[in-house]
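Beneath this line is the structure, given in structure tokens, with notes to follow.
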Amino acid sequence: MTGGQEASINGTRAAAQRGQATAATQRGQAKELRRLALLSAAAGLFAENGFTRVSLEDLGAAAGVSGPAVYRHFSGKQAVLGELLLSVSRDLLDGGLQVVADSADPLSALTGLIRFQVDFALSNPDVIRVQDRDFGSLSEADQTEVRSLQRSYVETWVDVLARIHADADVPGLRVRAHAAFGLINSTPHSVRHHGRKIAVKSARPILEQMALAALTSA
């Protein structure tokens, strides 16, 4: 074999390997998109009908796949619910910690956390409704993990509040944080039947101002 032939063969092999890697990446991306589509469909269906009334066939149809195809991504309907609430809880905790890390002082951190939570609530009313109504349908292990993640998220707020209200007791600050969540998270339900763009646009500054006033008052 000449040097030119060997170089040609090596080049062909390298091209084939690159092609295989690209195909694998594309398959992985397509699979992830289908998984996200299933979670999005689940949020809407669970919120509208309740977890127990939604079948795997319903989930598959809403996401554009067959019912049995759901098993390629999740072990069952309960696993879909678990991933939905776990992924949201992780995102909230990670996002809250990042807001605090990026803030120059406690007040700007609190303002950023409020803005972050309002943005989440107005963008994910279905997920909030599912959390409120169907949490008990999670597996025991998923319930434990979701609670742990959410407690850590609350404590992120409490730590910031403690730097603003230096003389306040921690349990009282925790009550403030939960009250703010109640205000922010409940509002999307009251505006969902109105024009969504108008409702969201008007609700955002009101929620942010009310939450900040409640959390910074003496």
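The values are calculated or read from the model by the stated rules, or taken from the named source; none is laboratory data. Note that this is a predicted model, so its numbers are computed, not measured. Note that each Cβ is placed from the backbone with ideal geometry, even for glycine, and that neighbours are counted across all protein chains shown. These area figures cover heavy atoms from the full protein model, side chains too; ligands, DNA and RNA do not enter into them. Shrake-Rupley method; radii C 1.70, N 1.55, O 1.52, S 1.80 Å.
Miscellaneous remarks
- Solvent-accessible surface (1.4 angstrom probe) belonging to residue 133, in square angstrom, nearest 10: 110 Å²
- Residue order by solvent-accessible surface for 206, 128 is 206, 128, largest first, with ligands and nucleic acids left out and a 1.4 Å probe.
- Rounded accessible area of residue 165 (nearest 10 Å², 1.4 Å probe): 30 Å²
- Annotation for residue 105 and residue 159: the two label points, set 7 Å from Cα along the Cα-Cβ direction, are 2.0 nm apart.
- With all protein chains in place and ligands, DNA and RNA left out, the 1.4 Å accessible area ranks 52, 111 as 52, 111, largest first.
- Solvent exposure of residue 174, expressed as accessible area, is near 80 Å², computed with a probe of 1.4 Å over the protein chains only.
- Each of 116, 51 has its accessible area taken with a 1.4 Å probe; listed largest first, they run 116, 51.
- Global form of region 77-217, assessed from the alpha-carbon gyration tensor, a/c cut-off 1.5: oblate
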